[in-house]
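Data first, discussion second: the structure below is written as structure tokens.
The values are calculated or read from the model by the stated rules, or taken from the named source; none is laboratory data. Bear in mind that the values here come from a model prediction, so they are computed numbers and not experimental data. Every residue, glycine among them, receives a Cβ derived from its backbone with ideal geometry; neighbour counts consider all protein chains shown. Calculation scope for accessible area: heavy atoms of the full protein, side chains included, ligands and nucleic acids excluded. Shrake-Rupley method; radii C 1.70, N 1.55, O 1.52, S 1.80 Å.
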Amino acid sequence: MGLGSQAQAASYGTPTLSLSAEYLSGAVGASGDPVVGVTVAQSGADAGALTVTVTKSSRTTVAATSDVTVTGTGGARRLVVAARGQGYTDLTVKVTGVDGRTATKTLHYAASAAVQQSADSRYFTGSSDASAAVDVGGGYTVVADDESNTLRLYDRSNSGAPVKTWDFSSKIGVSKEIDIEGAARVGDTVYWTGSLGNNKDGVYKSDRNTVFTTKVTGSGAATTLTYGGSYAKLRDDVVAWDKANGNRYGFAAGTADGQIPKQIDGFNVEGLEFAPGSTTTAYLGFRAPLAPAVPGGKALLVPVTNIDKVVSSGAAATFGTPVELDLGGLSVRDIRRNAANQYLIVAGSWAADDNSDPYALYSWDGNPAHAPVKRVDLPTSDPGGWEAVVDVPDLNTPGARAQLITDDGSADLYGDGTEAKDLAHPEWKKSRATWFTVTH
């Protein structure tokens, strides 16, 4: 190297490279997969003159270097991976400076298998056990997880990590999981309920007997949640009500020590939504028990007629006439209402390990005397169970679509035998959100 070349090389610093995420999850055939931000710089050089490439893949059957696209100019680039197979691979990302010097980083990538409706699916990462969701406008939703008390804000149109998170455990006064399973919004207030049941081993855990509220300000990506209030005796109230009415639904037996909640005669709440035209009466939707009115059982809704006072002032819950709905032997996994009092009900099995059991989406007009109508048979061959419906479109509009979310906590997403909830890296945990056409 001549003296001129040495002087020129010395005028540049060593190039630098950083990634917005070191761990990334994608899916075979997916649309809207998450984007990784790549920041590059070199002292003394125009960042736009730097080159960013992916030079190596540790497992090309998952994603080869040719499956990675880098776009953008200047110091900020965007990297997207189009997976070709299920599994894991390490991708080497390299920046080359204007003088030929380089720097590298490793992106640890995991790809789940192709699913039905892949073009209509997005993946919400950071947790795998989505259990309830509410729309907050602007194309965003807040999603709860039944394995933690964290609420997460997601862009409904794109796969990726939450935009914001909130955990109100300290304000509520709980130290363990609430097992959040249902949510309902009225005005700027969202009500969240735990399952109210025993844990999977049949042991009572007081934190699961929790209902709490959050206040929504703003919308879309600017959404903010603040804590409202909570109540820790709803299970006690509903069991006492059932006892006073002749143990019609066997709630006392369903909550007894040793009773598994996800049995046909167990006790497990998974849905929460307001009654038609009401801001104070909310339905508890039961996964278990099924009401024994017909062979196979009917799904059960129990109205809490003073849910506002229950949470705001600690008043004991009062109850209205229960509603029994024929969902073809399935129970309530979620229930959601729109402003026109049109309901969508996610129906699934009461069983604990039910990924191969049928799921269906029903509509209902809110009249207890009227039967629900099946709209869609939901796929059961995909990993995960359908757990949440974000909002309800106008069911009189042809081609209207609703977005549903799975709980993938027990799914083997990457083909290595590891359940999603046990994955070492939160970025690889995810739940799937899919749009389904619900009107013709």
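Can you work out which of the residues in the stretch 41-72 that are assigned to a strand (DSSP E or B) and among the aliphatic types (A, V, I, L, M) is nearest to GLY26 (Cα to Cα)? Walk me through it before giving the result.
Looking only at the stretch 41-72, we keep the residues that are assigned to a strand (DSSP E or B), and these are 41, 51-57, 68-71.
Next, only the ones that are among the aliphatic types (A, V, I, L, M) stay: 41, 52, 54, 68, 70.
Details: ALA41: 27, VAL52: 21, VAL54: 17, VAL68: 12, VAL70: 16 Å.
The qualifying residue nearest to GLY26 (Cα to Cα) is VAL68.
So which strands (runs of 3 or more DSSP E) stay within the stretch 85-136 end to end and still have 2 or more residues that are more than 30 Å from ILE178 (Cα to Cα)?
Values: elements: 87-96, 102-112, 121-125, 130-135.
So the answer is 87-96, 102-112.
Matching residues to (1) within 23 Å of SER349 (Cα to Cα); (2) open to solvent by 50 Å² or more (accessible area, probe 1.4 Å):
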residue: LYS215; (1), (2): no, yes
residue: TYR231; (1), (2): no, no
residue: LYS243; (1), (2): no, yes
residue: GLU270; (1), (2): yes, no
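Quick one: how many residues across the stretch 245-263 are of a type in the set (A, V, I, L, M) and surrounded by 16 or more Cβ atoms within 10 Å (Cβ to Cβ)? Step through it out loud before you land on a result.
Here is the first cut: in the stretch 245-263, the residues of a type in the set (A, V, I, L, M) are 252-253, 256, 260.
Filter once more, so that each one left must be surrounded by 16 or more Cβ atoms within 10 Å (Cβ to Cβ): 260.
Adding up the residues that qualify gives 1.
Name the residues in the stretch 424-440 that are touching a residue at least 60 places away in the same chain (Cβ under 8 Å), over 12 Å from THR125 (Cα atoms) and either open to solvent by less than 20 Å² (accessible area, probe 1.4 Å) or over 14 Å from the mean Cα position of the chain (by Cα) (or both), would you?
Here is the first cut: in the stretch 424-440, the ones touching a residue at least 60 places away in the same chain (Cβ under 8 Å) are 425-439.
Still in the list and also over 12 Å from THR125 (Cα atoms): 434-439.
Scanning the stretch 424-440 gives THR434, PHE436, THR437, VAL438, THR439.
Within the stretch 281-294, does at least one residue satisfy the condition of being part of a helix (DSSP H, G or I), without any contact (Cβ under 8 Å) to a residue 12 or more places away in the chain and open to solvent by 20 Å² or more (accessible area, probe 1.4 Å)? Break it down into steps so the answer makes sense when it comes.
Going residue by residue through the stretch 281-294, those that are part of a helix (DSSP H, G or I) are none.
No: the stretch 281-294 contains no residue that is part of a helix (DSSP H, G or I), without any contact (Cβ under 8 Å) to a residue 12 or more places away in the chain and open to solvent by 20 Å² or more (accessible area, probe 1.4 Å).
Which count do you get for residues in the stretch 141-169 that are within 19 Å of VAL389 (Cα to Cα), outside any loop (DSSP other than H, G, I, E, B) and not small (Gly, Ala, Ser)?
Count: 10.
Checking the condition without any contact (Cβ under 8 Å) to a residue 40 or more places away in the chain, within 24 Å of SER25 (Cα to Cα) and of a type outside the set (A, V, I, L, M, F, W, C), which residue from GLY417, GLY409 passes? Explain how you work it out, then say what you get.
Details: GLY409 fails: without any contact (Cβ under 8 Å) to a residue 40 or more places away in the chain.
Selected residue: GLY417, the only one of GLY417, GLY409 that is without any contact (Cβ under 8 Å) to a residue 40 or more places away in the chain, within 24 Å of SER25 (Cα to Cα) and of a type outside the set (A, V, I, L, M, F, W, C).
Among the residues of the stretch 225-233, are any in a strand (DSSP E or B), free of Cβ contacts under 8 Å to residues at least 40 places away in the same chain and more than 22 Å from ALA339 (Cα to Cα)? Show your work before the answer.
Filtering the stretch 225-233 for residues in a strand (DSSP E or B) gives 225-231.
This time we only want the ones that are free of Cβ contacts under 8 Å to residues at least 40 places away in the same chain, so: 226.
Then keep just the ones that are more than 22 Å from ALA339 (Cα to Cα); that gives 226.
Yes; the residues of the stretch 225-233 include at least one that is in a strand (DSSP E or B), free of Cβ contacts under 8 Å to residues at least 40 places away in the same chain and more than 22 Å from ALA339 (Cα to Cα).
Among the listed residues ALA340, ALA316, which satisfies the condition of being open to solvent by 20 Å² or more (accessible area, probe 1.4 Å), within 22 Å of LEU404 (Cα to Cα) and modelled with pLDDT of 95 or more? Before the answer, list the steps.
Values: ALA316 fails: within 22 Å of LEU404 (Cα to Cα).
ALA340 is the lone residue from the list that is open to solvent by 20 Å² or more (accessible area, probe 1.4 Å), within 22 Å of LEU404 (Cα to Cα) and modelled with pLDDT of 95 or more.
Of the conditions (1) modelled with pLDDT of 95 or more; (2) of a type in the set (Asp, Glu); (3) under 25 Å from LEU378 (Cβ atoms), ASP353 satisfies every one except a single condition; which number is it?
All conditions are met except number (1).
Do the conditions hold for ALA82, that is, is it aliphatic (A, V, I, L, M), surrounded by 13 or more Cβ atoms within 10 Å (Cβ to Cβ), in contact (Cβ under 8 Å) with a residue 24 or more places away in the chain and in contact with a strand residue (DSSP E or B) (Cβ under 8 Å, 6 or more places away or on another chain)?
Numbers: aliphatic (A, V, I, L, M): yes; surrounded by 13 or more Cβ atoms within 10 Å (Cβ to Cβ): yes; in contact (Cβ under 8 Å) with a residue 24 or more places away in the chain: yes; in contact with a strand residue (DSSP E or B) (Cβ under 8 Å, 6 or more places away or on another chain): yes.
So ALA82 passes the test.
Go through the stretch 41-52 and count every residue that is open to solvent by less than 50 Å² (accessible area, probe 1.4 Å) and either at pLDDT below 95 or out of contact with any helix residue (DSSP H, G or I) (no Cβ under 6 Å at 6 or more places or on another chain) (or both).
Step one: filter the stretch 41-52 for residues open to solvent by less than 50 Å² (accessible area, probe 1.4 Å), giving 41-42, 45, 47-48, 50, 52.
If we keep only those that are either at pLDDT below 95 or out of contact with any helix residue (DSSP H, G or I) (no Cβ under 6 Å at 6 or more places or on another chain) (or both) as well, we get 42, 45, 47-48, 50, 52.
Counting residues in the stretch 41-52 that are open to solvent by less than 50 Å² (accessible area, probe 1.4 Å) and either at pLDDT below 95 or out of contact with any helix residue (DSSP H, G or I) (no Cβ under 6 Å at 6 or more places or on another chain) (or both) gives 6.
Residues of the stretch 142-152 being of a type outside the set (Asp, Glu), surrounded by fewer than 21 Cβ atoms within 10 Å (Cβ to Cβ) and touching a strand residue (DSSP E or B) at 6+ places or on another chain (Cβ under 6 Å), which ones?
Taking the stretch 142-152 as the starting set, the residues that turn out to be of a type outside the set (Asp, Glu) are 142-144, 148-152.
From what's left, surrounded by fewer than 21 Cβ atoms within 10 Å (Cβ to Cβ): 148, 150.
Scanning the stretch 142-152 gives a single hit, THR150.
Looking at GLY37, GLY26, GLY4, which is the one that is in contact with a Ser or Thr (Cβ under 6 Å, 6 or more places away or on another chain) and either outside any loop (DSSP other than H, G, I, E, B) or modelled with pLDDT under 95 (or both)? Quick ask: steps written out before the conclusion?
Details: GLY26 fails: in contact with a Ser or Thr (Cβ under 6 Å, 6 or more places away or on another chain); GLY4 fails: in contact with a Ser or Thr (Cβ under 6 Å, 6 or more places away or on another chain).
Of the residues listed, the single one that is in contact with a Ser or Thr (Cβ under 6 Å, 6 or more places away or on another chain) and either outside any loop (DSSP other than H, G, I, E, B) or modelled with pLDDT under 95 (or both) is GLY37.
So how many residues does the stretch 286-312 have that are over 30 Å from the mean Cα position of the chain (by Cα), more than 14 Å from TYR249 (Cβ to Cβ) and not β-branched (Val, Ile, Thr)? Reasoning before the result, please.
If we filter the stretch 286-312 for residues that are over 30 Å from the mean Cα position of the chain (by Cα), which is where we start, we get 292-295.
Now drop any that are not more than 14 Å from TYR249 (Cβ to Cβ), which leaves 294-295.
Checking the rest, the ones that are also not β-branched (Val, Ile, Thr) come to 295.
Count: 1.
Which of the residues that make up the stretch 196-219 are under 20 Å from the mean Cα position of the chain (by Cα), farther than 15 Å from VAL304 by Cβ and not in a strand (DSSP E or B)? Explain how you work it out, then say what you get.
Taking the stretch 196-219 first, the residues under 20 Å from the mean Cα position of the chain (by Cα) are 196, 208, 210-216, 219.
With farther than 15 Å from VAL304 by Cβ added as a condition, the list becomes 208, 214-216, 219.
Matches in the stretch 196-219: ARG208, SER219.
Hey, any hits in the stretch 174-182 for a residue that's hydroxyl-bearing (Ser, Thr, Tyr) and part of a strand (DSSP E or B)?
Just the residues of the stretch 174-182 that are hydroxyl-bearing (Ser, Thr, Tyr), to begin with: 175.
Restricting the remaining residues to those that are part of a strand (DSSP E or B) gives none.
For the stretch 174-182, residues hydroxyl-bearing (Ser, Thr, Tyr) and part of a strand (DSSP E or B): absent.
Do we find a residue being within 23 Å of ILE345 (Cα to Cα), touching a strand residue (DSSP E or B) at 6+ places or on another chain (Cβ under 8 Å), open to solvent by 30 Å² or more (accessible area, probe 1.4 Å) and of a type outside the set (Phe, Trp, Tyr) anywhere in the stretch 157-166? Full working, then the answer.
First pass over the stretch 157-166, keeping only residues within 23 Å of ILE345 (Cα to Cα): 157.
Then keep just the ones that are touching a strand residue (DSSP E or B) at 6+ places or on another chain (Cβ under 8 Å); that gives 157.
Right, trim to open to solvent by 30 Å² or more (accessible area, probe 1.4 Å) and you get 157.
Filter once more, keeping what is of a type outside the set (Phe, Trp, Tyr): 157.
Yes.
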